[in-house]
Amino acid sequence: MTLRIVQWTTGNVGQRSVRAAVAHPDVELVGCYAWSPDKVGRDVGDLCGIDPVGVIATDDVDALLALQPDCVVYNPQWQSPDELVRILEAGVNVVSTAAFVNGRGLGPDRDRIADACQRGGSSMFGTGISPGWIELMGIASASICDRIDKVTIHEASDTTLYDSPTTELPAGFGRPIDDPELPGMAAKGTAVFGEAVAMLADALGIELDDIVCEAEYAQTTEDLVMDSWTIPAGHVAGVAASWQGRIGDRTVVELTVRWKKGTTLEPDWQIQEGHVIQIDGRPSVKTTLEYLPPPDFEATTFADFMVLGMIMTAMPAINAIPAVVAAPPGIVTYNDLPLVLPKGLVSGV
C-alpha cells in the first residue's frame, strides 16, 4: 500500500526527507508546507535540488490537511505544539525530527499533543539520529545480556564548522564562562536527551526516581571566528551535558553529549567523534559507531559533508512511517513499534 505524505518544511533535513520520499516505492509525496514566504508557490523538487515533482509548496495548512495524507513528515528546526495539535487532531499521523522523543520535557503541551492524538485517532512519533535511532541501538545492544547494570551512550563531536548559532546558543555556546545561567541553559538546550533517558528506562522495564542533568563547559582562549558568528575569548566554546536516570543514588541510564569548537579550548577536551554505546552487565557490551562517506561520495566543502548528517537525521523518520501509520492512537516511541525496517532502499533494485 502506498502511503500519502505531506512534507513539513524544506530546510536541510526536510530536503533529504523529500529526496527519500520521492525515491521510495511505498511513499507518495502529495503536499508540502513552506515556512518561508519565498518558497510558497515553488515546486518542491526545485526547493530540494532535484527535478520537479509536481507538488507545489504552500503555507495553507487547511489545504494540506484537506489532502487527507496518511502522515506528515515534520522537519522544522523547532517544534510547535500548536502545529502538532492541529495536524494530529485532523487525523494525520506525524513522524518528527524536531526534538521530540516522548514529549516528557514539554509539560502541559505533552498532554495537549496526546489529547489531539486521541481526538484524531492519530499517532505522534519522534526520532532522528540522536536522540532517537541511537537509543534503539542501545536497546538492541542490551538485548544479549542476562543482567544489565547500566546503559551509557556517549556522543562527541567537534562542531567548529557546524555553523548553526540558533541551535547552539540556547545550550550555552558563546556565553561568558562564568555566566551563572549556564547550567540551566545546558539542561534546557539539551532537554530532549532527558526524554530519551525515559524511553530507555521504559525499554528496560524500570521506573526511575529521578532524571537529572549535569553540565560542564570549556572556554576558548582566543576569539573563535566562524562564518556567521564569533565566540570571544573567555566565552563558552565547549558544552557537555550528562543526562542521568537514577534509582535512589544509582545511575542506571546515562546519555552524554560533548560538543567542542576550535583548537584553543580550556580545558583541552579530547574527544572520540561519533557514538559509543556501553552496556555494563553480563556480558558487558561496547559498541563504537563511526559515520563515513561511501566511496562514490563527492564533497568539496563542509556543507557538502553535512549532507550525511542530514540523511542520518531524516531517514529514521522516513523508515518509521509505515509502523507509525499502523500504530494505535497516541504518542509512540521505538518501544511501541515493531522493528523499523529499511525497505525500498537497496540501490539498483
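The values are calculated or read from the model by the stated rules, or taken from the named source; none is laboratory data. Since we're looking at a predicted model, the values are computed, not measured. Every residue, glycine among them, receives a Cβ derived from its backbone with ideal geometry; neighbour counts consider all protein chains shown. All accessible areas refer to the heavy atoms of the entire protein, side chains included, with ligands and DNA or RNA removed. Shrake-Rupley method; radii C 1.70, N 1.55, O 1.52, S 1.80 Å.
Within the range 326-349, restricting attention to residues that are touching a residue at least 12 places away in the same chain (Cβ under 8 Å) and at positive phi, which residue is most open to solvent (accessible area, probe 1.4 Å)? It comes out as Gly344. Taking the criterion of being among the basic types (Lys, Arg) and touching a residue at least 24 places away in the same chain (Cβ under 8 Å), the only residue of the range 279-317 that qualifies is Arg282.
Scanning the range 207-228 for residues that are surrounded by 13 or more Cβ atoms within 10 Å (Cβ to Cβ), farther than 21 Å from Gly189 by Cβ and in contact with a helix residue (DSSP H, G or I) (Cβ under 9 Å, 6 or more places away or on another chain) yields a single hit, Leu208. Check whether at least one residue in the range 113-136 is in a strand (DSSP E or B), among the basic types (Lys, Arg) and modelled with pLDDT of 95 or more, and report yes or no. No: zero hits.
Looking at Ala198, is it in a strand (DSSP E or B), touching a helix residue (DSSP H, G or I) at 6+ places or on another chain (Cβ under 9 Å) and in contact (Cβ under 8 Å) with a residue 12 or more places away in the chain? The answer is no for Ala198. Looking only at residues of the range 158-184 that are small (Gly, Ala, Ser) and not in a loop (DSSP other than H, G, I, E, B), we find that the one that is surrounded by the most Cβ atoms within 10 Å (Cβ to Cβ) is Ala171. Among the residues of the range 130-144, those that are within 28 Å of Ile321 (Cβ to Cβ) and either in contact with a strand residue (DSSP E or B) (Cβ under 6 Å, 6 or more places away or on another chain) or open to solvent by 30 Å² or more (accessible area, probe 1.4 Å) (or both) comprise Ser130, Trp133, Ile134, Leu136, Met137, Gly138, Ile139, Ala140, Ser141, Ala142, Ser143. Pairing each residue of the range 138-164 that is in contact (Cβ under 8 Å) with a residue 24 or more places away in the chain with any residue that is among the small types (Gly, Ala, Ser) and in a helix (DSSP H, G or I), provided the two are 6+ apart or on different chains, yields C-beta distances under 7 Å for Ile139/Ala203; Ile148/Ala142; Val151/Gly138; Val151/Ala142; Ile153/Gly138; Glu155/Ser130.
Against the definition (open to solvent by 10 Å² or more (accessible area, probe 1.4 Å), modelled with pLDDT of 95 or more and either over 25 Å from Val253 (Cβ atoms) or out of contact with any Gly (no Cβ under 8 Å at 6 or more places or on another chain) (or both)), how does Arg147 come out, yes or no? So Arg147 does not fit the description; no. Considering the range 1-25, the residues that are open to solvent by less than 10 Å² (accessible area, probe 1.4 Å) and over 21 Å from Val346 (Cα atoms) include one that is nearest to the chain's Cα centre (by Cα), namely Gly14. Is it the case, given these coordinates, that Pro322 is at pLDDT 95 or above and of a type outside the set (A, V, I, L, M, F, W, C)? Yes, satisfied.
Taking the range 1-49 as the range and being assigned to a loop (DSSP other than H, G, I, E, B) and out of contact with any Phe, Trp or Tyr (no Cβ under 9 Å at 6 or more places or on another chain) as the test, the residues that pass are Met1, Thr2, His24, Pro25, Asp26, Ala34, Ser36, Val40, Gly41, Arg42, Cys48, Gly49. Residue count for the range 311-348, restricted to those that are farther than 23 Å from Met199 by Cα and not β-branched (Val, Ile, Thr): 5. Restricting attention to the range 76-97, the residues that are surrounded by fewer than 24 Cβ atoms within 10 Å (Cβ to Cβ), assigned to a helix (DSSP H, G or I) and of a type in the set (A, V, I, L, M, F, W, C) total 1.
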